[in-house]
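Participant: Below: one structure in structure tokens.
The values are calculated or read from the model by the stated rules, or taken from the named source; none is laboratory data. These numbers were taken from a predicted model, which means no experiment stands behind them. Note that we place each Cβ from the backbone using ideal geometry, even for glycine, and neighbour counts take in every protein chain shown.
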Amino acid sequence: MSDSQNATALPRPAKKLDPVNAGFLLIAHLLGVAGLVYLITNFNPYTLILAIVYGGLCGLAITGGYHRLFSHPTYKANAFLRAIYLFFGAASIQNSALKWSADHRRHHARTDTDDDPYNIRRGFWWAHIGWVLFDAGETDLSLVKDLEEDPLVRFQDRHYLALVILSAAVVPALIASLWGDWLGGLLVVGFLRLIVEWHSTFSVNSFTHMVGAQPYCKKGSARDSWLVALITFGEGYHNYHHRFPIDYRNGVRWYQFDPTKWFVWTLSKLGITRDLRRTPEPRRLEALRKTAEESASRAA
Ligand SMILES: [Zn+2]
Ligand SMILES: [Zn+2]
């Protein structure tokens, strides 16, 4: 029986719908669909290119910034890159880096329990998007004291709403107005890009806790999925990541698709990032060997 099937028997803590989050999610999806229609009916190549570039920067802000820098200190980055991450992280509308990291550290510490914000045992839809719709109360910041020491992180958290409006709507509309397509900037670069990015991030919490192999650890639900890696800038190698969360790589082998790893590594050559942490190869191989042995003894 799978973890998710086991889950249905677990008691579910009562939670009430968060009208602000639920309302915004609904409106953003409707505007995203409007963006798709607009893109098809008023096609402008510059707007499409801007959406792709903006989406790429926002995606890296979540995977390279919120996840691999702020939530897990897998490397160090200079103030310029941290500021870029925090700006495009705000445009990704997934909460401030401080609160996102608090939730994510709790996810790692309490995986597959009721204390895990996106507990997969409550089912695919809960882990994917359901948990965002419900009021979880005040975010527990006790796990992110270190991040509160970063003035840039504090600034983004304090001025989060203003930064969201600026980075997700005003800036894309202003840039696209340079070629007379401010509405395309708002609908396509703002909202269509946003919902594509949301479902990419959400896939890490849902698909990679359900589908894929477990070569590094059988404990817990995290799995490696190259397919999810393709749509999440490399975050699909989630079994490895849960086993070795302080490694800046998720796709650890050279052929595994992990553009976030390549991005962070390239910036280290330019002096923008440093102190990239890697799991020593013998430890990785040991984890692989132990897990294979465990599987063999279970099968016997
Ligand atoms: Zn993580
Ligand atoms: Zn996970």
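Participant: Which is at pLDDT 95 or above and buried (at least 21 other Cβ atoms within 10 Å of the Cβ), of 143, 192?
Facilitator: 192
Residues are listed down the side, and each one gets a yes or a no for (1) out of contact with any Leu (no Cβ under 7 Å at 6 or more places or on another chain); (2) hydrophobic (A, V, I, L, M, F, W, C); (3) at pLDDT below 95:
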position: 36; (1), (2), (3): no, yes, no
position: 54; (1), (2), (3): yes, no, no
position: 57; (1), (2), (3): yes, yes, no
position: 61; (1), (2), (3): yes, yes, no
position: 64; (1), (2), (3): yes, no, no
position: 69; (1), (2), (3): yes, yes, no
position: 99; (1), (2), (3): yes, no, no
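Participant: Counting only residues that are away from ligand 1 (no atom under 16 Å from the Cβ) and not charged (D, E, K, R), how many does segment 215-245 have?
Facilitator: The total comes to 5.
Participant: So in segment 217-233, with the set limited to residues that are touching a residue at least 40 places away in the same chain (Cβ under 8 Å) and away from ligand 2 (no atom under 13 Å from the Cβ), which one is surrounded by the most Cβ atoms within 10 Å (Cβ to Cβ)? Before the answer, list the steps.
Facilitator: To start, the set of residues in segment 217-233 that are touching a residue at least 40 places away in the same chain (Cβ under 8 Å) comprises 217-218, 220-222, 232-233.
Filter once more, keeping what is away from ligand 2 (no atom under 13 Å from the Cβ): 218, 233.
Values: 218: 12, 233: 26.
Only one residue fits best here, namely 233.
Participant: Right, another one. Determine whether residue 204 is in contact with an Asp or Glu (Cβ under 6 Å, 6 or more places away or on another chain), more than 29 Å from residue 45 (Cα to Cα), within 16 Å of ligand 2 (Cβ to nearest atom) and modelled with pLDDT of 95 or more.
Facilitator: Yes.
Participant: Taking helices (runs of 4 or more DSSP H) that fall entirely within segment 129-213, which contain at least 3 residues that are within 16 Å of ligand 1 (Cβ to nearest atom)? Don't jump to the end; show me each part of the working.
Facilitator: Details: elements: 151-158, 160-164, 171-177, 193-206.
Fully inside segment 129-213 and qualifying: 193-206.
Participant: Pick from segment 78-100 the residues that are without any contact (Cβ under 8 Å) to a residue 60 or more places away in the chain, within 16 Å of ligand 1 (Cβ to nearest atom) and farther than 21 Å from residue 133 by Cβ: which of them is surrounded by the fewest Cβ atoms within 10 Å (Cβ to Cβ)?
Facilitator: Out of the qualifying residues, it is 98.
Participant: Moving on to the next point. Do you know which residues across segment 67-100 are farther than 17 Å from residue 264 by Cβ and assigned to a helix (DSSP H, G or I)?
Facilitator: Across segment 67-100, the qualifying residues are 87, 90, 91, 98, 99, 100.
Participant: Could you check, for segment 119-128, whether at least one of its residues is closer than 25 Å to residue 28 by Cα, within 15 Å of the chain's Cα centre (by Cα), touching a residue at least 12 places away in the same chain (Cβ under 8 Å) and more than 15 Å from ligand 2 (Cβ to nearest atom)?
Facilitator: No: segment 119-128 contains no residue that is closer than 25 Å to residue 28 by Cα, within 15 Å of the chain's Cα centre (by Cα), touching a residue at least 12 places away in the same chain (Cβ under 8 Å) and more than 15 Å from ligand 2 (Cβ to nearest atom).
Participant: Still on this structure, please answer the following. Looking at this structure, is residue 245 within 16 Å of the chain's Cα centre (by Cα) and within 14 Å of ligand 2 (Cβ to nearest atom)?
Facilitator: On the way: within 16 Å of the chain's Cα centre (by Cα): yes; within 14 Å of ligand 2 (Cβ to nearest atom): yes.
Yes, satisfied.
Participant: Filter segment 52-69 for residues that are within 24 Å of residue 190 (Cα to Cα) and in contact (Cβ under 8 Å) with a residue 60 or more places away in the chain and give the result.
Facilitator: 54, 55, 58, 59, 60, 62, 63, 64, 67
Participant: Filter segment 148-183 down to the residues that are over 23 Å from residue 28 (Cα atoms) and in contact with a Lys or Arg (Cβ under 8 Å, 6 or more places away or on another chain), then identify the one that is surrounded by the fewest Cβ atoms within 10 Å (Cβ to Cβ).
Facilitator: 148
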